[in-house]
Amino acid sequence: MQIEQQQIAAHNHSLMAAHQRSFDYISGEVPKTAEALEKLRAFQVAIPSWALGTGGTRFGRFPSGGEPRNLEEKIEDIGLLHRLNRSSGAVSLHIPWDIPSDAMHIKTLAAQHGLRFDAMNSNTFQDQPHQTHSYKFGSLQHVDKAVRRQAVDHNIEVIQHGIALGSDSLTVWLSDGSCFPGQLNFRKAFQYTLEGLQEIYAALPEHWKMFVEYKAFEPNFYSTTVGDWGQSLLYTSKLGPKAFTLVDLGHHLPNANIEQIVALLLMEGKLGGFHFNDSKYGDDDLTVGSIKPYQLFLIFNELVEGMDARDMQHATDLGWMIDASHNVKDPLEDLLQSVEAIMIAYAQALLVDRTRLEAAQLQNDVVTAQEILQQAFRTDVRPLVAEARLLNGGALRPLELYRSAKVRAQLIKERGTTSIATGL
Ligand code: PSV
Ligand code: MN
């Protein structure tokens with residue numbers, strides 16, 4: 001299933017007059033519109049290979065059909081998203097859920113859709129069918145050396161897959177931890193994990209980065225061996241300059257100030273990448289921006305400020321990835337909404353009047369500082385984001401076109417109603 005360029009052109013044509021009116025308005029209001037447009041056009045968010053099917057909980061899964069049956073079809077789906085919004089030009093692959101049997105073929109296919117491979121993800125949180133040792137009591141932290149060896153080897157294998165696909169980073173998320181007090185020696189668990197990460201780090205090619213993702217709880221509910229940004233930073237600092245912390249928005253304890261975490265990690269040169277999603281309670285993996293859009297904006301505000309302070313390229317110097325799950329929505333529609341929410345928050349952050357904000361901070365003018373941030377947050381930047389998409393050849397309203405082109409019905413026709421995509 002593919003959306004043709006003429007369909008996009010016809011869709012854009014029908015909406016052009018209205019778009020032009022709203023874009024003219026915002027470009028009159030916002031200084032440096034051209035600069036913001038350039039940045040928005042360059043910004044790409046990687047789509048996770050595990051989020052193209054229906055997600056589930058331990059209580060059930062309710063798929064609605066047409067799910068990709070293999071990696072080729074997943075790439076096709078991401079290609080379709082990218083064609084619509086021109087901001088999803090990368091794939092983040094999970095091994096072993098999506099092992100490419102022919103890397104060259106997959107790499108070429110992705111390139112045909114304008115996609116590249118972002119961070120590779122390893123998986124030592126599940127046991128695979130023919131695996132020798134179980135990860136029931138952890139992987140890199142395990143008391144048994146043979147289990148640790150197996151986990152290290154798996155990560156090295158993931159790096160090899162990544163090299164073949166042209167990726168340049170590895171994300172390690174460990175579910176390691178404990179469920180009950182006394183189960184684990186915290187110090188030893190940390191040391192073993194560090195040693196394992198060091199071995200994996202040593203296998204990274206020269207230009208590669210390693211992202212150490214933290215998470216407060218789940219599946220372990222008493223302790224987690226990479227449980228927060230402090231622990232991740234401890235590992236990445238000990239590992240060396242190619243190791244960075246990865247922030248998944250859903251991996252904090254309630255009410256954590258994520259924007260402050262982001263600011264400090266950036267200041268230390270240790271922020272590597274992002275997993276975007278949203279949550280109300282825990283690691284809910286909901287659509288980005290659906291619950292706390294102001295928080296998302298505040299995070300982007302720190303990202304823009306902190307990256308500019310270090311002269312970093314917004315589009316390329318950090319890994320931007322979605323990590324979400326879709327229980328009740330069409331996964332592709334959910335992903336379109338998530339990418340849109342990211343672009344909106346980024347655009348709003350670009351609009352913040354930083355000179356005035358700094359002046360307000362120096363004066364301790366709390367009210368003005370808040371007004372400046374909220375002025376940007378309350379600006380309807382959707383026409384700006386749509387214009388960037390238009391200039392890149394995408395659709396003015398991706399979701400509307402997705403629906404009017406009846407993409408899901410077509411996918412169901414091609415793939416059937418019972419196909420199940422690999423992932424969680
Ligand atoms: C763990 O909850 C996580 O956020 C990690 O990034 C995993 O790789 C991914 O989710 C699996 O769905
Ligand atoms: Mn994640």
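Each value in this text was obtained by applying a stated rule to the coordinates, not by laboratory testing. None of the values given here were measured: they were computed from a predicted structure. Quick reminder, even Gly has a Cβ in these numbers, built from the backbone with ideal geometry, and neighbours come from all protein chains shown.
Okay, here's what the table says:
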read-out: Choice from THR355, THR287, THR193 with maximal GNM fluctuation in the chain (Cα, 10 Å cutoff); value: THR355
read-out: From phi via Karplus (6.51, -1.76, 1.60), per-residue ³J(HN,Hα) for the range 2-16 in Hz, x at Gly/Pro; value: 9, 8, 6, 4, 5, 5, 5, 5, 5, 4, 4, 4, 5, 10, 4
read-out: Share of alpha-carbon pairs per 5 Å distance bin for the range 90-137, given as whole %; value: 5, 18, 23, 20, 12, 10, 8, 3, 0
read-out: Net charge contributed by nearby residues that have their C-beta within less than 15 Å of GLU195 (K/R +1, D/E -1); value: +2
read-out: Full-stretch length increase - ALA309, SER404 - with 0.36 nm per residue and alpha-carbon distance subtracted; value: 29.8 nm
read-out: Histogram of C-alpha separations across the range 169-313, 10 Å bin width, %; value: 11, 39, 35, 13, 1
read-out: Distance between the range 224-267 and the range 285-315 - C-alpha centres, whole angstrom; value: 15
read-out: Whole-Å semi-axes of the range 86-237's equivalent ellipsoid (Cα gyration tensor); value: 29, 16, 14
read-out: Potential extension, GLN374-HIS130 segment - 0.36 nm per residue separation minus Cα distance; value: 82.4 nm
read-out: Hits among lysines - C-alpha to C-alpha of LYS136 under 20 Å, sequence gap 8 or more where chains match; value: LYS145, LYS188, LYS215
read-out: Span from the the range 72-92 Cα centroid across to the the range 157-213 one, whole angstrom; value: 28
read-out: Over the range 260-346: Kirkwood hydrodynamic radius from C-alpha pairwise inverse distances, Å; value: 13.5
read-out: Among GLY394, GLY162, GLY60: highest mean-square fluctuation, GNM of the chain, C-alpha pairs under 10 Å; value: GLY60
read-out: Charge context of ASN155, other residues only, Cβ under 15 angstrom, K/R +1, D/E -1; value: -2
read-out: Convex hull volume of the range 169-238 per residue (C-alpha atoms, cubic angstrom); value: 77
read-out: Radius of gyration and Dmax over the Cα atoms of the chain, both given in Å; value: 21.6, 67
read-out: Lys/Arg +1, Asp/Glu -1 at C-beta; the range 5-415 dipole; positive extreme among MET210, HIS154, PRO293; value: HIS154
read-out: Test item: Cα-centred dipole of the range 5-415, Lys/Arg +1 and Asp/Glu -1 on Cβ, debye; value: 560
